[in-house]
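**Student:** Submitted below is the structure of interest, expressed as structure tokens.
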Amino acid sequence: HYGSLIDGDTIKVGDKVKVSVNKSRREAIMKNHTAAHLLQAALREILGTHVEQAGQLVNDNAVRFDFSHFSALSGEEITKIENRVNEIILSAMDVVTEEMSIDDAKKKGAMALFGEKYGDTVRVVNVSGRSIEFCGGTHVTNTSKIGLFKIISESSVAAGVRRIEAVTGTGVLDYIEQVNGTLGETAANLKVNGVGEVAQKSAAVMAELKAKDKEIEELNNKLAQMRVESLISSAKEICGLKFICTKFEGISPASLRIMGDHIKFTAQDAIALLASVNEDKVSVLVVCGINALKEGAHAGKIVKEIAAMAGGSGGGRPDSAMGGANPEMIDEALASAAEIVETLLINK
């Protein structure tokens, strides 16, 4: 039975079939498989002989290699490993595959997978003595056929196990094209003439953002001071202390703290409860001035009560404490805040 199968075709006992290997796919797998051997050799040379293979996946697109190691690899280590593999590739070393007795293989220094069982005769892949491993897979006959090797990621798989993903041959070209495409988009977004200006422009943008963040912080401080003056002037009195209770929309927790600090130091006989709704989250801050503390006020206890009533939780120091709450329940809790504070002060 010759030709390609089509829908509905079946293969029966006695049929004659013609089978062919996808040459380009097989060659890509061979490149990645040999590269995996070179990678392990480079890892053991640069990181140490404690490195052992903990898993491997080789296909026509990439090589994934898991190995034992106690920490993340530094950028310098990744570069050294990558350079070492490419050095062997560009040295055009022969890759010899032989079958021999397991004793002879061990004498050659061939590496075996930990925990694997081998028969009396084994297959050994030898890259000119730079990498010698037990292996039944397909490989290139010379390292130069790999072309180039590029590590694209290094990550953690489990405690004490790291993973490297890499590409070879045309996979490196595809990766370069992808990176160049990203750099081109970045250059366009930054409105520069070419990728060569991306680094300088991005540094300038980051410096500008940092300056604007500082400017925003200064403006927030000024706004907080203005709000504080208004809040203090409209404060209620509870047990001889000023009580401030208000809700904001879209104010960040950081801005709440700024206002709270202003109140705490400006009105030392005040207790302030400030809440802010940001989408589906509510932040609640309570601060107590030094004189309020002397009268038994405790910010941590107050925020704990208010947050709990609003379906959240909170706590903290006597002078300053934060919590979270349910947006749908915060208004009811704030309406009862004065009564809660008064009760806590009376029963201090």
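The values are calculated or read from the model by the stated rules, or taken from the named source; none is laboratory data. What you are looking at is a predicted structure, and each value in this text was computed from that prediction instead of being measured. As a convention, Cβ positions derive from the backbone with ideal geometry for all residues, glycine included, and neighbour counts pool all protein chains shown. Heavy atoms of the whole protein, side chains included, go into the accessibility calculation; ligands, DNA and RNA do not. Shrake-Rupley method; radii C 1.70, N 1.55, O 1.52, S 1.80 Å.
**Student:** Which three lengths, in whole Å and largest first, does the range 214-254 cover when its Cα atoms are put on their principal axes?
**Tutor:** Reported extents, whole Å, longest axis first: 40, 17, 12.
**Student:** Straight distance only, please: which aspartates and glutamates reach the Cα of Lys348 with their own Cα at less than 19 Å, same-chain residues fewer than 8 apart left out?
**Tutor:** Result set, ordered by chain and number: Glu237, Asp269, Glu295, Glu305, Asp319, Glu339.
**Student:** Now a separate question. What does the charge add up to near Glu332, with Lys and Arg as +1, Asp and Glu as -1, over the other residues with Cβ less than 15 Å from its Cβ? Walk me through the numbers before you get to the answer.
**Tutor:** Values: positive: Lys247; negative: Glu305, Glu328, Asp331, Glu339.
Overall, the nearby charge balance is -3.
**Student:** Place the peptides 312-325, 275-288, 87-100, 52-65 in order of packing, highest mean first, counting for every residue the other Cβ atoms within 10 Å and averaging per peptide. Kindly include the intermediate steps, with their values, before the conclusion.
**Tutor:** Working: 312-325: 19.1, 275-288: 21.6, 87-100: 15.6, 52-65: 17.4.
Ranking the peptides 312-325, 275-288, 87-100, 52-65 by packing returns 275-288, 312-325, 52-65, 87-100.
**Student:** Quick one: with all protein chains in place, what share of the accessible area of the range 23-72 is carbon or sulfur, to the nearest percent (1.4 Å probe)?
**Tutor:** Details: 1000 of 2220 Å².
That fraction is 45 percent.
**Student:** Could you give the C-alpha radius of gyration of the range 38-155 expressed as a fraction of 2.2 N^0.38 Å, taking N as the number of residues it contains?
**Tutor:** Working: Rg = 14.4 Å, N = 118, 2.2 N^0.38 = 13.5 Å.
Here the Cα radius of gyration is 1.07 times the empirical estimate.
**Student:** Only bridges whose two residues both fall in the range 217-291 count here: according to DSSP, what percent of them are antiparallel, nearest 5? List each step's numbers first, then the result.
**Tutor:** Working: 11 of 19 bridges.
Just about 60 percent of them are antiparallel.
**Student:** Express the carbon and sulfur contribution to the solvent-accessible surface of the range 193-240 as a percent, rounded to the nearest whole number, probe 1.4 angstrom. Intermediate values should be presented prior to the final figure.
**Tutor:** Details: 2040 of 3820 Å².
Within the range 193-240, the accessible surface is 53 percent carbon and sulfur.
**Student:** From the P(r) of the range 120-228, can you give the percent of Cα pairs sitting at distances over 16 Å?
**Tutor:** Working: 4606 of 5886 pairs.
Value for the range 120-228 (Cα pairs over 16 Å): 78 percent.
**Student:** Sticking with this one: Label Met329 and Asn220 with points 7 Å out from Cα along Cα→Cβ: what is the distance between them in nm?
**Tutor:** 2.8 nm
**Student:** Sort 70-77, 205-212, 331-338 for me by packing, meaning the mean count of neighbouring Cβ atoms within 10 Å per residue, highest on top. Display every interim value, and only then the final one.
**Tutor:** Numbers: 70-77: 11.8, 205-212: 10.2, 331-338: 16.0.
My ranking of the peptides, most packed first, is 331-338, 70-77, 205-212.
**Student:** I would also like to ask the following. For the range 306-348, what is the convex hull (Cα atoms) projected area averaged across all directions, in square nanometres? It would help to have the intermediate numbers written out before the result.
**Tutor:** On the way: hull surface 12.1 nm².
Seen from a random direction, the Cα hull of the range 306-348 projects 3.0 nm² on average.
**Student:** Moving on. When the chain is fully extended, how far beyond the present Cα-Cα distance does Ser24 get from Asp120, taking 0.36 nm per residue of separation?
**Tutor:** Working: separation 96, 0.36 × 96 = 34.56 nm, distance 3.39 nm.
Once the chain is fully extended between Ser24 and Asp120, it gains 31.2 nm.
**Student:** Which value in nm describes the separation of the simple spin-label points at Thr97 and Ile346, placed 7 Å from the Cα toward the beta carbon?
**Tutor:** That separation, rounded to one decimal, is 8.9 nm.
**Student:** How do the peptides 11-22, 237-248, 188-199 rank, highest first, by the average count of neighbouring beta carbon atoms within 10 Å per residue? Before the final figure, lay out the partial values.
**Tutor:** Values: 11-22: 7.1, 237-248: 17.2, 188-199: 11.9.
Final packing ranking: 237-248, 188-199, 11-22.
**Student:** Now for a separate question. Just the Kirkwood number for the range 251-348, please: inverse of mean 1/r across all distinct Cα pairs, in Å, one decimal.
**Tutor:** Numbers: mean 1/r = 0.0773 Å⁻¹.
Hydrodynamic radius (Kirkwood, Cα pairs) of the range 251-348 is 12.9 Å.
**Student:** How many percent of all Cα-Cα pairs in the range 169-301 sit more than 19 Å apart?
**Tutor:** 64 percent
**Student:** How large is the accessible surface per residue of the range 193-341, computed with a 1.4 Å probe and reported in Å² as a whole number?
**Tutor:** Numbers: 8290 Å² over 149 residues.
Value returned for the range 193-341: 56 Å² of accessible area per residue.
**Student:** Probe radius 1.4 Å, ligands and nucleic acids ignored: give me the carbon and sulfur share of the accessible area of the range 274-348 as a rounded percent. Provide the component values of the computation, followed by the final result.
**Tutor:** Numbers: 1770 of 3710 Å².
Percent of accessible area from carbon and sulfur atoms in the range 274-348: 48.
**Student:** Using a simple spin-label model with points 7 Å from Cα along the Cα→Cβ vector, what separation in nm is obtained for Thr266 and Arg44?
**Tutor:** Label-label distance for Thr266 and Arg44, simple model: 7.0 nm.
**Student:** Across 20 Å bins from 0, what is the distribution of all Cα-Cα pair distances for the chain, in whole percents?
**Tutor:** Percent of Cα pairs in each bin: 22, 26, 25, 22, 5, 0.
**Student:** Please identify the helices of the chain, taking whole runs of DSSP H, that span at least 27 Å along their own axis as judged from the Cα atoms and have a mean Kyte-Doolittle score of -1.0 or higher.
**Tutor:** Details: long enough: 23-46 (34 Å, -0.50); 170-190 (30 Å, 0.11); 198-233 (52 Å, -0.28).
In the chain, the long hydrophobic H runs are 23-46, 170-190, 198-233.
**Student:** In Å², and per residue, what accessible area does the range 11-163 have when probed at 1.4 Å with the other protein chains present?
**Tutor:** On a per-residue basis, the range 11-163 sits at 56 Å².
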